[in-house]
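> Take a look at this one; I'll ask things after.
The values are calculated or read from the model by the stated rules, or taken from the named source; none is laboratory data. Given the structure is predicted, the values throughout are model-derived calculations rather than measurements. No Cβ is skipped: glycine too gets one built from the backbone with ideal geometry, and neighbour counts run over all protein chains shown. Ligands, DNA and RNA are excluded from the accessible area calculation, which covers all protein heavy atoms including side chains. Shrake-Rupley method; radii C 1.70, N 1.55, O 1.52, S 1.80 Å.
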Amino acid sequence: MSAFLSLRDLWVEYGDKIVLERVNLDIAEGSFVSVIGPSGAGKSSLLRVILGQEQPTRGTILLDGAPLPPECGPDRGVVFQRYSVFPHLTALQNTMFALECTQAPLLARLFGAARDKARAEAAAMLEAVGLGDSLHLYPAQMSGGMQQRLAIAQALIQRPRILLLDEPFGALDPGIRADMHKLITQLWRDFGLTIIMVTHDLREAFALGTRVLTLDKRRHDPQAPHRYGATAVYDLTLRPRTDVAA
Amino acid sequence: MRWVNRRMSKGDRLLWGGLPILLLLLAYVLAAAQRHAANPADKILPLPSGMVQAMSALLFERDLLSGQWLFWADTLASLQRLGLGLGIATGTALVLGLLLGALPPVRATLGPLVTAIAVIPPIALLPILFIGLGLGETAKVALIAIGVAPVMLRDIAGHVAALPREQIVKAQTLGAGSWQILLRVALPQAMPRLFQALRLALGPAWVFLISAEAIASDVGLGYRIFLVRRYLAMDVIIPYVAWIALLAIAMDVVLNHASKRLFPWAEGAAT
């Protein structure tokens, strides 16, 4: 197994509260890792640390053998449960945002042919997530499911090496959620993504993931429960990636 | 039906909203008529006819001394001061508010200074401004700008700082740097708030304008009111006050409509 992303002896502490302790993980390229665990077990902390939004107290994270820079960057995309899209931009503008930022450092806006090209690329990406008819809607005019589709399109156009999902479908209706599961599986396959998804829905975790990680505390001190952190207590490989793709 | 559930139609709102104003006007006219019945030369509560007479001289006739149409010269001078002061305040509030709100090092550096300036009552600075900048236009414009800028600035900074962290993180994962986040994420979302802050700043701005004009000026709406006060000229003061109210309402309406038209995405989110 090639260690595409590897976490070495990772600790996350807030003050004297230990959230994660001694996390050692190797994640293979192209895998779809579901992270589950009880509330407060540090699922989201783990995601934020991998994302670069927070720094681990101890330990290192290596992406392709190189340590991750200490802030968020374009190599790691993210979809949060809420607030992932920009309310002041239309679907198309939201999706073009990454292209504009990458190609126009000063104005973060494109003009002329470059703009047309970015627009076409963004429209194609929106088509791929099923928003082909909603290019000019603002997020406030969209349903929750559409907003999450948009958030995914917005992240994918940057071609991130890892896509991090923080309970992306938690706020959606069951029907919509099933549609989104189909969509994310499809995109994962088509784009050859590496996905790490935090969820509290066990069925979702097992239905989508090629690997399911359960975070929980190994030890428990009844007098000072905050002094022991969580780590991966179960690590189940469900199926090799090829099975799903078939 | 419970009062909390009563919805007023547009016609009803117009009717009920106009009623207190009409009643107040009626009460004034009755009181004025009563006083004039007792003393035809009463100056305290002039009749509408008296106001028209007094104002027409200011509106349509050149002043013998200065050769100007005083009412229009006053209006123009006041609006110019107000516009300049508010313009400077708005620009400062936007730029510094964005920087303070979005960049923690700038907030740490300038935040305490802004707070310190904001707690000074601006009128207390007026003598300093008059001494430092002279009695001309600069001091009056400066008073308005200093008076309203800190409040607007803190409002914008607070709004920008309160943007969901997720948005800022997302922008970074899409390749945006600090400058691009300021330009494309923070600035557009600060704009509707800036319009609201400007609307709220209009009230204090008028206060500072009238104060500055009352103390040292030779033209302006506030100057005229305080000048004719010496002659108990209520027939000029009342129309001037009404005119100021009308101008203030017009500015508020224009800003509100402009904000709604310019930032359709903020509809519903801002309320």
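> Please go through the range B:175-189 and pick out each residue that is in a helix (DSSP H, G or I) and facing chain A (nearest Cβ under 10 Å).
Within the range B:175-189, B:W179, B:Q180, B:I181, B:L182, B:L183, B:R184, B:V185, B:L187, B:P188, B:Q189 qualify.
> Read through the list (1) over 21 Å from A:E127 (Cβ atoms); (2) touching a strand residue (DSSP E or B) at 6+ places or on another chain (Cβ under 6 Å), then give the number of the only condition that A:P168 fails.
(1)
> A further question follows. Just one of B:P112, B:P40, B:P105, B:P127 is under 28 Å from B:L227 (Cα atoms), part of a helix (DSSP H, G or I) and open to solvent by 50 Å² or more (accessible area, probe 1.4 Å); which is it?
Values: B:P112 fails: under 28 Å from B:L227 (Cα atoms); B:P40 fails: part of a helix (DSSP H, G or I); B:P105 fails: under 28 Å from B:L227 (Cα atoms).
Exactly one of B:P112, B:P40, B:P105, B:P127 is under 28 Å from B:L227 (Cα atoms), part of a helix (DSSP H, G or I) and open to solvent by 50 Å² or more (accessible area, probe 1.4 Å), namely B:P127.
> Restricting to strands (runs of 3 or more DSSP E) lying wholly in the range A:27-105: which have 2 or more residues that are away from chain B (no Cβ under 12 Å) and open to solvent by less than 10 Å² (accessible area, probe 1.4 Å)?
A:32-36
> Which numbered condition in (1) surrounded by fewer than 19 Cβ atoms within 10 Å (Cβ to Cβ); (2) touching a helix residue (DSSP H, G or I) at 6+ places or on another chain (Cβ under 7 Å); (3) within 14 Å of chain B (Cβ to nearest Cβ) is the only one that A:A114 fails?
(3)
> Quick check: anything in the range A:208-225 without any contact (Cβ under 8 Å) to a residue 60 or more places away in the chain, of a type in the set (D, E) and closer than 16 Å to A:V79 by Cβ?
Let us first name the residues in the range A:208-225 that are without any contact (Cβ under 8 Å) to a residue 60 or more places away in the chain, namely A:218-225.
Those left that are additionally of a type in the set (D, E): A:221.
Filter once more, so that each one left must be closer than 16 Å to A:V79 by Cβ: none.
No: the range A:208-225 contains no residue that is without any contact (Cβ under 8 Å) to a residue 60 or more places away in the chain, of a type in the set (D, E) and closer than 16 Å to A:V79 by Cβ.
> Please go through the range A:66-97 and give me each residue that is touching a strand residue (DSSP E or B) at 6+ places or on another chain (Cβ under 9 Å) and touching a residue at least 40 places away in the same chain (Cβ under 8 Å), ordered by number.
Those that are touching a strand residue (DSSP E or B) at 6+ places or on another chain (Cβ under 9 Å) and touching a residue at least 40 places away in the same chain (Cβ under 8 Å): A:D75, A:R76, A:G77, A:V78, A:V79, A:F80, A:Q81, A:S84.
> Does B:G132 qualify as being open to solvent by less than 20 Å² (accessible area, probe 1.4 Å), part of a helix (DSSP H, G or I) and at pLDDT below 95?
It is false that B:G132 is open to solvent by less than 20 Å² (accessible area, probe 1.4 Å), part of a helix (DSSP H, G or I) and at pLDDT below 95.
> Continuing with the same structure: Considering only residues of the range B:67-86 that are within 18 Å of B:G136 (Cα to Cα) and out of contact with any helix residue (DSSP H, G or I) (no Cβ under 6 Å at 6 or more places or on another chain), which is surrounded by the most Cβ atoms within 10 Å (Cβ to Cβ)? Lay out the reasoning, then the answer.
So the first thing to find is which residues in the range B:67-86 are within 18 Å of B:G136 (Cα to Cα), and the list is B:73-86.
Filter once more, keeping what is out of contact with any helix residue (DSSP H, G or I) (no Cβ under 6 Å at 6 or more places or on another chain): B:73, B:75-77, B:79-80, B:83.
On the way: B:A73: 17, B:T75: 19, B:L76: 15, B:A77: 22, B:L79: 15, B:Q80: 14, B:G83: 14.
Filtering first and then ranking leaves B:A77.
Okay, residues lined up against (1) closer than 22 Å to A:R48 by Cα; (2) over 14 Å from the mean Cα position of the chain (by Cα):
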{"site": "A:G145", "(1), (2)": "no, yes"}
{"site": "A:I184", "(1), (2)": "yes, no"}
{"site": "A:I195", "(1), (2)": "yes, no"}
{"site": "A:L208", "(1), (2)": "yes, no"}
{"site": "A:R211", "(1), (2)": "yes, yes"}
{"site": "A:D221", "(1), (2)": "no, yes"}
{"site": "A:A230", "(1), (2)": "yes, yes"}
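> So for the range B:49-56 (the condition being of a type in the set (S, T, N, Q), within 20 Å of B:R230 (Cα to Cα), part of a helix (DSSP H, G or I) and open to solvent by 90 Å² or more (accessible area, probe 1.4 Å)), does at least one residue qualify?
yes
> Quick one: is A:H181 without any contact (Cβ under 8 Å) to a residue 40 or more places away in the chain, under 26 Å from A:S39 (Cα atoms) and in a loop (DSSP other than H, G, I, E, B)?
no
> Filtering the range A:139-157 down to residues that are within 11 Å of chain B (Cβ to nearest Cβ) and touching an Asp or Glu at 6+ places or on another chain (Cβ under 9 Å), which residue is most open to solvent (accessible area, probe 1.4 Å)?
Selected residue: A:A140.
> Does B:D218 qualify as being at pLDDT below 95, open to solvent by less than 60 Å² (accessible area, probe 1.4 Å) and either of a type in the set (D, E, K, R) or under 12 Å from the mean Cα position of the chain (by Cα) (or both)?
Details: at pLDDT below 95: yes; open to solvent by less than 60 Å² (accessible area, probe 1.4 Å): no; either of a type in the set (D, E, K, R) or under 12 Å from the mean Cα position of the chain (by Cα) (or both): yes.
The answer is no for B:D218.
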